[in-house]
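**Student:** Have a look at the structure that comes next, please.
The values are calculated or read from the model by the stated rules, or taken from the named source; none is laboratory data. If you're wondering where the values come from, they're calculated on a predicted model, not measured in any experiment. So basically every Cβ, Gly included, is an ideal-geometry build from the backbone, and we count neighbours across all protein chains shown.
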Amino acid sequence: MACTCHTTCSSDTPAATAAELSPRWRRALWIALIVNAVMFAVELAAGLHAASVSLLADAIDFAGDAANYGLSLAVLGMAATWRSRAAWVKGATMFGYGLFVLGKSAWVWAQGTVPDAYTMGAVALLAFAANVGVAMLLYAWRNGDANMRSVWLCSRNDALSNLAVLAAAGGVFGSGHGWPDWTVAGVMAALALSAGWSVMRLARQELRPAMA
């Protein structure tokens, strides 16, 4: 499930806290980045093989999260303006992800494709385990500043989206139709559009003083 920004959302926030610059925090972000990048490749291949839109949606979400972790690492120690620009990029990525998933869902619905429920379920379980692992890794920083807390919440929420894909797999298996897959993908797309637009708008507001 696409998340909101990983950066602090205040134009007068300091560039970075001491905790954000700690080696343990950086290492945790790197591990999260690698796990998300690997799962993107796994879910992309599985989604194409199983003809599952919800798996493809979750795969793109993994890719977006990996990019977000990378941006979070890149802007550590930078001025608030750069962090707001990074937040805008993240928001635009989420918005684009939502548009892609909506378009793909409409195409699959028109084709009447029924995805492979077994592949969907197996990969959704693997993705759930990956996101739970990342959430546990970041758990120590759950009560940190807005940046740290949002990173942890993002991984936790992504685990919940994996359960939604797993439920879609059960729906496809039980009904023999593809509508559970399309429905979950549509909800994920709507959430991505809403979150992406919200982050872009907030980042734009933060950048206005600097642009003026």
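**Student:** On the basis of being free of Cβ contacts under 8 Å to residues at least 12 places away in the same chain, among the hydrophobic types (A, V, I, L, M, F, W, C) and part of a helix (DSSP H, G or I), does ALA106 make the cut?
**Tutor:** Considered against the rule, which asks whether it is free of Cβ contacts under 8 Å to residues at least 12 places away in the same chain, among the hydrophobic types (A, V, I, L, M, F, W, C) and part of a helix (DSSP H, G or I), ALA106 comes out as yes.
**Student:** While we're on this one: For LYS104, work out the one condition from (1) in contact with a Phe, Trp or Tyr (Cβ under 8 Å, 6 or more places away or on another chain); (2) over 18 Å from ASN68 (Cα atoms); (3) of a type outside the set (A, V, I, L, M) it doesn't fulfil.
**Tutor:** Among (1) in contact with a Phe, Trp or Tyr (Cβ under 8 Å, 6 or more places away or on another chain); (2) over 18 Å from ASN68 (Cα atoms); (3) of a type outside the set (A, V, I, L, M), LYS104 violates only (1).
**Student:** Among the residues in region 109-124, are any surrounded by 15 or more Cβ atoms within 10 Å (Cβ to Cβ), within 14 Å of the chain's Cα centre (by Cα) and either free of Cβ contacts under 8 Å to residues at least 12 places away in the same chain or under 30 Å from ARG26 (Cβ atoms) (or both)?
**Tutor:** No, because not a single residue in region 109-124 is surrounded by 15 or more Cβ atoms within 10 Å (Cβ to Cβ), within 14 Å of the chain's Cα centre (by Cα) and either free of Cβ contacts under 8 Å to residues at least 12 places away in the same chain or under 30 Å from ARG26 (Cβ atoms) (or both).
**Student:** Scan region 161-180 for residues that are assigned to a helix (DSSP H, G or I) and out of contact with any helix residue (DSSP H, G or I) (no Cβ under 8 Å at 6 or more places or on another chain) and jot them down. Steps first, answer last, please.
**Tutor:** First, the residues of region 161-180 that are assigned to a helix (DSSP H, G or I): 161-175, 179-180.
Across region 161-180, the qualifying residues are GLY174, SER175.
**Student:** Here's another thing I want to ask about it. Would you confirm whether any residue within region 128-149 is in a helix (DSSP H, G or I), within 17 Å of the chain's Cα centre (by Cα), closer than 15 Å to ASP65 by Cβ and at pLDDT below 85?
**Tutor:** yes
**Student:** Mind listing whichever residues of region 82-100 are crowded, with 16+ Cβ neighbours inside 10 Å and under 13 Å from the mean Cα position of the chain (by Cα)?
**Tutor:** LYS90, GLY91, THR93, MET94, PHE95, TYR97, GLY98
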